[in-house]
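What follows is a single structure, written as structure tokens, with notes after it.
The values are calculated or read from the model by the stated rules, or taken from the named source; none is laboratory data. Keep in mind that what you see is a predicted model, and the values were worked out from it rather than measured. Reconstructed Cβ throughout: ideal geometry from the backbone, glycine too, with neighbour counts over all protein chains shown. Areas reflect the complete protein model, heavy atoms only, side chains present, ligands, DNA and RNA absent. Shrake-Rupley method; radii C 1.70, N 1.55, O 1.52, S 1.80 Å.
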There are 4 protein chains.
Amino acid sequence: MSLNSFGHLFRVTTWGESHGPALGATVDGCPPGVEIREEDLQVWLDKRRPGQNKHTTQRREPDAVEILSGVFEGRSTGTPIQLMIRNTDQRSKDYGDIAETFRPGHADIAYHLKYGLRDYRGGGRSSARETAARVAAGGVARAALAALLPDLKITGYMVQMGEKRIDRDRLDMAEIERNDFWCPDPQAAGEWADYLDALRKDHNSVGAMIEVTASGVPAGLGAPVYGKLDTDLAAAMMSINAVKGVEIGEGMAAAALTGRDNADEIFMGENGPEYGSNHAGGVLGGISSGQDVVVRFAVKPTSSILSPRRSIKLDGSATEVVTKGRHDPCVGIRAVPVAEAMMACVLLDHYLLDRGQTGGVRGRIG
Amino acid sequence: MSLNSFGHLFRVTTWGESHGPALGATVDGCPPGVEIREEDLQVWLDKRRPGQNKHTTQRREPDAVEILSGVFEGRSTGTPIQLMIRNTDQRSKDYGDIAETFRPGHADIAYHLKYGLRDYRGGGRSSARETAARVAAGGVARAALAALLPDLKITGYMVQMGEKRIDRDRLDMAEIERNDFWCPDPQAAGEWADYLDALRKDHNSVGAMIEVTASGVPAGLGAPVYGKLDTDLAAAMMSINAVKGVEIGEGMAAAALTGRDNADEIFMGENGPEYGSNHAGGVLGGISSGQDVVVRFAVKPTSSILSPRRSIKLDGSATEVVTKGRHDPCVGIRAVPVAEAMMACVLLDHYLLDRGQTGGVRGRIG
Amino acid sequence: MSLNSFGHLFRVTTWGESHGPALGATVDGCPPGVEIREEDLQVWLDKRRPGQNKHTTQRREPDAVEILSGVFEGRSTGTPIQLMIRNTDQRSKDYGDIAETFRPGHADIAYHLKYGLRDYRGGGRSSARETAARVAAGGVARAALAALLPDLKITGYMVQMGEKRIDRDRLDMAEIERNDFWCPDPQAAGEWADYLDALRKDHNSVGAMIEVTASGVPAGLGAPVYGKLDTDLAAAMMSINAVKGVEIGEGMAAAALTGRDNADEIFMGENGPEYGSNHAGGVLGGISSGQDVVVRFAVKPTSSILSPRRSIKLDGSATEVVTKGRHDPCVGIRAVPVAEAMMACVLLDHYLLDRGQTGGVRGRIG
Amino acid sequence: MSLNSFGHLFRVTTWGESHGPALGATVDGCPPGVEIREEDLQVWLDKRRPGQNKHTTQRREPDAVEILSGVFEGRSTGTPIQLMIRNTDQRSKDYGDIAETFRPGHADIAYHLKYGLRDYRGGGRSSARETAARVAAGGVARAALAALLPDLKITGYMVQMGEKRIDRDRLDMAEIERNDFWCPDPQAAGEWADYLDALRKDHNSVGAMIEVTASGVPAGLGAPVYGKLDTDLAAAMMSINAVKGVEIGEGMAAAALTGRDNADEIFMGENGPEYGSNHAGGVLGGISSGQDVVVRFAVKPTSSILSPRRSIKLDGSATEVVTKGRHDPCVGIRAVPVAEAMMACVLLDHYLLDRGQTGGVRGRIG
């Protein structure tokens, strides 16, 4: 508890359960004067929304976001922005049989052991549905960043599904919006489609790896030692449901490199320092270097599958669990817009730490 | 700034530069009544201390820790514990020539762009020397955990150096203390020794991968959504110098798994739930499940190498950097005790969040 | 910004403007298993609600609170509780003429100078209407405290209006609910009624002093030096709109006492230590002593009055302001339930710091 | 615990006990480039130092501050500044007889009930000696403010001792440094000297009231609702040992005012808004208005007196306590420099929140 927030100055607290009346995000610390409209936030929510193609859950919710506070005449006032999304398509009866059963790979058992009770419907608070609130908050962060850092560009995409990785020689960012997987490699996207079809028919699911890059990040964001930019990015991504690993730049592969190979040599360009490579992923000593910030993370396969798995009940008796309900066979797909939102929140947060809570706005009289 | 702390209730703020008079950790939130002696903390610092074998920097410092506050008659009082380590072997002249040069892969340029000035001697605040303070703080956390969770056991070890991984079939935890690399596979340790010798002679360095496990962790530590146990562990490890990736349980490999393979089936054991596997790494929905907590992270190769690398100076002119000074060819080796310390701090922090700041102590009268 | 929250473990973030669609409180850190029903929260909101007698603003709002998350089958789950109150009686046109004028004594000018824009309708975020959200959050805290500390009793009442104080010899707590002023001295209540009538007719307003006591507070809540129980109480009360001073125990009068007079002598009672007096107000060294916690605070007179006052406009030109709208002639009256709510939040927060975030709840299997 | 810190971006954690080896402050968040020298900090410590005249404790400590980190070549680097003050004059034997006795008015009993043990020597952590660390940290804040807000001026002085108040018609700020009481009214200072002499001879002590003003505070510092400038000031002052009440501007007297009297009318001056009065004390809606910030607080009489007071021992038996040791008969005197330090810390903190953690510094290359 007291722990459903992230961010230092741009602070987001998400709230709500999968099958409660609503969920949302309390966004405290948006600088004043930012143009924020519900329809602009809705764009990002629509990107994440389920039920848009056969590869995501068939739960169909409009996920319509309402701004309840903090925006006046279309602009942020510097006070908390409350974003609410009503839950509308709640087929709670799908979950009645798991009230007393712990689904393997889910948070059911951990919540029970900690809290003694839980909202079991759809996973309650541990549902991936919580990420809708993050996407809404990320929309606010993007709106602020668009005003404060117009050259910033955040791009998320999937680079691996199961054992099948994209071929970086075929990388084409324009492809990302052209397939169901936010995949920058059209050939990989095609293979994934077939693979996922087969998996779903086999009542199985699969993991994925996502990459998010931010270009146009000014040097100097972050701080030494603990409140580092990379620390906060790692925490932000690891906090997304089902994420099991996070990398910056070279990531886990850095273990295999030598110092000569890993060094990003520095040159003087026309507009400041330039680098010969980006093994660092844009962060040096916890502070942005001016290079692209590159983060990657792995999402485990959806734990809710139609194949039986052994588990126990509340009374300790053995059982088999087949998780019904409408679930994504690859929950990683919808993690892409979530990760973009988290990147936006972290970058805005560190920008405001660096430049101040109002982002430089001052009022005048006379 | 304001960002040199970690932890919620057990809060550690490290301070100090590599070549200043001293460095240390301000530990706020240690429960009262814990037996803490300087010599017990020293054990952990000695484990991390450089100059102990030819594979680590030849900088020789006693790293003697002094307790300046918070401990009375050998026991913690519940007030802040100040831990100070004097810097004694400061060969700052090694660093004079980097005052105006930015070393590739180092934080020099990022610090300069953010702060406009920096203590360049030995990397100043960004030096791995800062981790001595973490190890001291971790010693306090271990002392508290020894009293509060006597069954808890934290073990760190190296699982990869360069491209050479350990063979898990040869895993023998008793081997960890028998070689220079905290390596549980004696054959790998032998290969690494030769490999590292050759690298050092070649003026090169190499990365590594570390694993830390904690057994005896009670179920129910952590919290949903953001202040998750795995979020905090990821942040803790990523905050260590030179770390570029963090994994929990199956980690990045989870991307390649299917849901059927990834499910940790649950059974009822004599003392509570047991699990058929531990892909989750002991954390479900951000909360400990009672299984071993397993974290892995990659350390990049030491950026300070004797091979020339291209860079720029403060005035923008081009230069070549050969980093003199006494540096670890594989900084990952000394990251092992640091990671154990971070694990101890995170676990104690979440234990105290769960049980309260005094850990259950109460005073009585009469 | 990022600053609309209070509390350490029981953390409340209020949001919303006076004339926006809604306002509310995001409550993070309520322990699990607490019975919370909307109708129980409503009791406290009704106590604060305007329009109930001629001495408070005639703005009539039902102030109906909705629980949007964190409660399942009537009990808290340990996840964030979102409390929303729709704004219904918005006569925004009353405020059109202050869009470009700064009302003396109001936050208008400070908001403008900081943010460059503001929601001027009804004071926007700086409206006393924000305190409805605090009362709702306080209702959650009370529900938790009722379960965790059944002997705790929080009582707020008015002890001074204008220059007229209550006579402590006539103190009768049963009177508090019998008059329009939460006044424990019926004779004073009668005098205040006449006084306030006259003031209102004179287009004037007046200040007040409120006292809140908590009995049944266990010893040991709080912490040394900064996160003291009295520090947090002072901050909590000072954060209420229009409050200009806060006292604990003897308060400002302590300046006039000698050490011999001020000492609260200690005796051993049947159930632990007892004290000969309570100059300390129940807090010693930042930690509760087991005595009644006693807090007092002053509320300035309502700044919105129908008497003209000189001010300036956005363009710097001089003007006179007569604040229309429906305002309390003594805003201190409605501060009583707000202060009780703040006391409840602070006490629960420190209880949870002491005992842990779940308040001692544990789940079991088998 | 975890609660020995204050400040948002300029964050100070004090540590240390009265009779331990040392005490100090960990200052995280000082902007870079600020000139900070030990001798400049020492000026403020000398102002607070005991033993300088017959009206304060005869404990004589040099209170020499050492800077252990965060300053390089005379300027802050933006990393944590560790300030250490060695304890040298420890007459711990004075305290041996209170190891098992609870002194009335002291934190002894509350600490014992919370922690089960305590460093009883000189009050340990609850000693007013802790405020030396605040004064040192305040010196850092002043150095930063001198660079960032050169027109800012902070002035603390005593306005009441016992029942004797200063006469504001005789107010002369130049007098403050000319007497032993930081008193701006020389006649009152003379009366206080005689009064305090008599009290000390009578083995008694007395309370006091302190006022601190800050002129040159820019408008726009603070934030709505909870992280208000006045909330933070109230918490800062209430956190000082022995403080029982805090006021902003009109303070507790606001309860007696009418709205017409209390309104601070606004006029347009040459350099921006001006005000006809300052009942608000420079803060409107939690945000600075540009007027002088005025804070007042009451310090209770020293609890350590040579007159016997009834109490109990650890075993519950009755006893009488006569507190030996060397104590201030009016601890309020030395609270003046402490309060100035707290004011400096709070103002710098809100300035940095407003303008960013580096205070506007940027590094350049080429």
Checklist outcome for this item: Picking from C:283, C:294, the residue that is touching a residue at least 40 places away in the same chain (Cβ under 8 Å), of a type in the set (Val, Ile, Thr) and either within 9 Å of chain D (Cβ to nearest Cβ) or surrounded by fewer than 20 Cβ atoms within 10 Å (Cβ to Cβ) (or both) would be C:283
Next on the checklist: Tell me yes or no: at least one residue of region D:246-264 is in contact with a Lys or Arg (Cβ under 7 Å, 6 or more places away or on another chain) and more than 7 Å from chain C (Cβ to nearest Cβ).
Outcome noted: no
Checklist entry - Restricting attention to region C:301-353, which residues are among the charged types (D, E, K, R) and away from chain A (no Cβ under 14 Å)? => result C:309, C:310, C:320, C:324, C:326, C:328, C:334, C:340
Item to check | Only one of B:318, B:344 that is crowded, with 23+ Cβ neighbours inside 10 Å and more than 22 Å from residue A:112 (Cα to Cα) | outcome: B:344
Item to check | Filter result (over 18 Å from residue B:334 (Cβ atoms) and either within 14 Å of chain A (Cβ to nearest Cβ) or under 21 Å from the mean Cα position of the chain (by Cα) (or both)) within region B:189-202 | outcome: B:198, B:201, B:202
Item to check | Residue within region B:275-292 that is at pLDDT below 95, of a type in the set (Ser, Thr, Tyr) and over 21 Å from residue B:131 (Cβ atoms) present | outcome: no
Next on the checklist: Condition first: assigned to a loop (DSSP other than H, G, I, E, B) and not polar (S, T, N, Q). Now tell me which residues in region D:177-203 satisfy that.
Outcome noted: D:180, D:181, D:182, D:183, D:184, D:185, D:202, D:203
Next on the checklist: Considering only residues that are open to solvent by less than 70 Å² (accessible area, probe 1.4 Å), out of contact with any strand residue (DSSP E or B) (no Cβ under 8 Å at 6 or more places or on another chain) and in contact (Cβ under 8 Å) with a residue 24 or more places away in the chain, which ones fall in region C:161-196?
Outcome noted: C:180, C:193
Checklist entry - Of the residues in region D:97-152, how many are surrounded by fewer than 24 Cβ atoms within 10 Å (Cβ to Cβ), closer than 30 Å to residue D:218 by Cα and touching a strand residue (DSSP E or B) at 6+ places or on another chain (Cβ under 6 Å)? => result 0
Checklist entry - Among the residues of region A:72-85 satisfying the criterion of being out of contact with any helix residue (DSSP H, G or I) (no Cβ under 9 Å at 6 or more places or on another chain) and open to solvent by 10 Å² or more (accessible area, probe 1.4 Å), which is nearest to residue A:12 (Cα to Cα)? => result A:75
Checklist entry - Of all residues in region D:252-263, which are surrounded by fewer than 24 Cβ atoms within 10 Å (Cβ to Cβ) and not hydroxyl-bearing (Ser, Thr, Tyr)? => result D:253, D:256, D:257, D:260, D:261
Next on the checklist: Take residue B:136 and tell me if it is closer than 12 Å to residue B:14 by Cβ and not acidic (Asp, Glu).
Outcome noted: yes
Checklist entry - Can you name the number of the only condition in (1) open to solvent by less than 30 Å² (accessible area, probe 1.4 Å); (2) at pLDDT 95 or above that residue B:323 fails? => result (2)
Checklist outcome for this item: Those residues of region B:151-169 that are in a loop (DSSP other than H, G, I, E, B), of a type in the set (A, V, I, L, M, F, W, C) and under 20 Å from the mean Cα position of the chain (by Cα) come to a total of 1
Next on the checklist: Given the options C:60, C:75, C:91, name the one that is among the basic types (Lys, Arg) and at pLDDT 90 or above.
Outcome noted: C:75
